[in-house]
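The next block holds one structure in the form of structure tokens; read it before the comments.
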Amino acid sequence: MRLRELRVKDFRNVALARLELDGPRVYFLGPNGQGKTNLIEAVGLLGALRSFRGAEPRDLIRHGAPEARVWCALEHERDGAVEVEIAIRPRQREVSINGARCRRLAEFLGRFPVVALSSHDLQLLRGAPQLRRRALDLALAALDETYLNALRRYHTALDQRNALLRSSRTPMPEELTAFEAQMAPEAALIVAARAATCAALAGHFTIAYNRLTDGAPEVPALHYSPDALPASLVDWCALWMDSRARDLVMRTTMRGPHRDDFTFELLNHGAKSFGSEGQQRGLVVSWRLAQAAWQHERTGFAPIVLADDVLGELDPARRAGFWHAATDAAQVIATGTSLPAGGSTEWKVWNVKDGAFAL
């Protein structure tokens, strides 16, 4: 899948832009704070109608405007020429495909795969488990409405259980039991999906890292670490029942999928503690490229890869290896304050200043 044309109106600091993006490599060049990231953030909405920066819809709308609009003309492997229009309002997002409004999210999810690499991705490796959980959940939810709905139902019941634990009175056992019964089937689905996805991603991750480093013998690995693996729904309920005393003391639910994690390793050691700066950056880039390969495998559509201020942070060897590793991307759209050095890749370069774009 490739993005042929992009039109943006009242998105962040971009009042109005219309860009032809033909070609496999597109680069937005300019100083920081000019709108480069904002533009590829708009493209990133194609994935699951979410900002890859975690912004709320109201934050995407230019100050003083009632809504933001993003229009994309795509060349799609299955559907040929496709037009997608996204309207963003403070409390609503609306999508049309070839002029027909999408009534259900399932009509959209997985159809236009996009993977975003960001300079902030290093926190996936160095930061708290919740960042890694969110990254994994977003990758899954972008393709699977069943997973997305299970995640929503689980967290709704979890929030209600936690509210009971924090209340001024001691909750009745049957009240906790009711929410635990709601959580159990969703927890089982979430953990099974995460385990299967991490197993699939692990193979792509190793391939991407080895390509990125030209086969350096560093033994990269990705490991899913579930908080618990009960064998049945009854066992899930028993897990929460057994932890009630502790949960009441801590005033929150201490066990469950909301405590899961996954880890990056090199040479059988945790990369967070033992990896160099270059190795750590290579690992998080490989995680995103593995995600692109996995999306291609699952959907049959080659994703667009968005590289936000990433290529300039890689050392020359890994920067050259990036193109060998990014073979599952139909198109790479990148940003930076200077053009990436080295390699024979030809870019279509757009200069960016104050939310305006020029060749």
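The values are calculated or read from the model by the stated rules, or taken from the named source; none is laboratory data. It should be emphasised that the depicted structure is a prediction, and the values quoted were computed from it without experimental measurement. Cβ atoms come from the backbone with ideal geometry, glycine included; neighbour counts cover every protein chain shown.
Worth a mention:
- The condition (being touching a Ser or Thr at 6+ places or on another chain (Cβ under 9 Å) and either buried (at least 19 other Cβ atoms within 10 Å of the Cβ) or not assigned by TED's automatic domain parsing to the domain that holds residue 28 (or both)) is satisfied by just one residue among 317, 326, 290: 290.
- Of the residues making up the stretch 136-163, just one is farther than 30 Å from residue 110 by Cα and surrounded by 20 or more Cβ atoms within 10 Å (Cβ to Cβ), namely 161.
- Filter result for residue 308 (acidic (Asp, Glu), closer than 24 Å to residue 78 by Cα and buried (at least 19 other Cβ atoms within 10 Å of the Cβ)): no
- Strands (runs of 3 or more DSSP E) lying entirely in the stretch 1-62 (those with 3 or more residues that are in contact (Cβ under 8 Å) with a residue 60 or more places away in the chain and under 12 Å from residue 350 (Cα atoms)): 25-29
- For residue 253, the conditions (1) surrounded by 20 or more Cβ atoms within 10 Å (Cβ to Cβ); (2) out of contact with any Ser or Thr (no Cβ under 8 Å at 6 or more places or on another chain); (3) touching a residue at least 60 places away in the same chain (Cβ under 8 Å) all hold with the exception of (2).
- The helices (runs of 4 or more DSSP H) located wholly in the stretch 89-198 that include 1 or more residues which are under 21 Å from residue 253 (Cβ atoms) and of a type in the set (S, T, N, Q) occupy 129-141, 145-166.
- Test: residue in the stretch 102-112 that is among the aliphatic types (A, V, I, L, M), buried (at least 19 other Cβ atoms within 10 Å of the Cβ) and assigned by TED's automatic domain parsing to the domain that holds residue 326: yes
- Selection status of residue 236, within 29 Å of the chain's Cα centre (by Cα) and assigned to a helix (DSSP H, G or I): yes
- Qualifying position, being over 19 Å from residue 329 (Cβ atoms), of a type in the set (Gly, Ala, Ser) and under 20 Å from the mean Cα position of the chain (by Cα), among 55, 68, 15: 55
- Taking the criterion of being of a type in the set (Lys, Arg) and in contact (Cβ under 8 Å) with a residue 60 or more places away in the chain, the residues of the stretch 63-109 that qualify are 69, 78.
- Condition check for residue 228: at pLDDT 95 or above, part of a loop (DSSP other than H, G, I, E, B) and either in the same structural domain as residue 314 (by TED's automatic domain parsing) or closer than 20 Å to residue 140 by Cβ (or both): yes
- Residues (without any contact (Cβ under 8 Å) to a residue 60 or more places away in the chain and not small (Gly, Ala, Ser)) located in the stretch 187-203: 189
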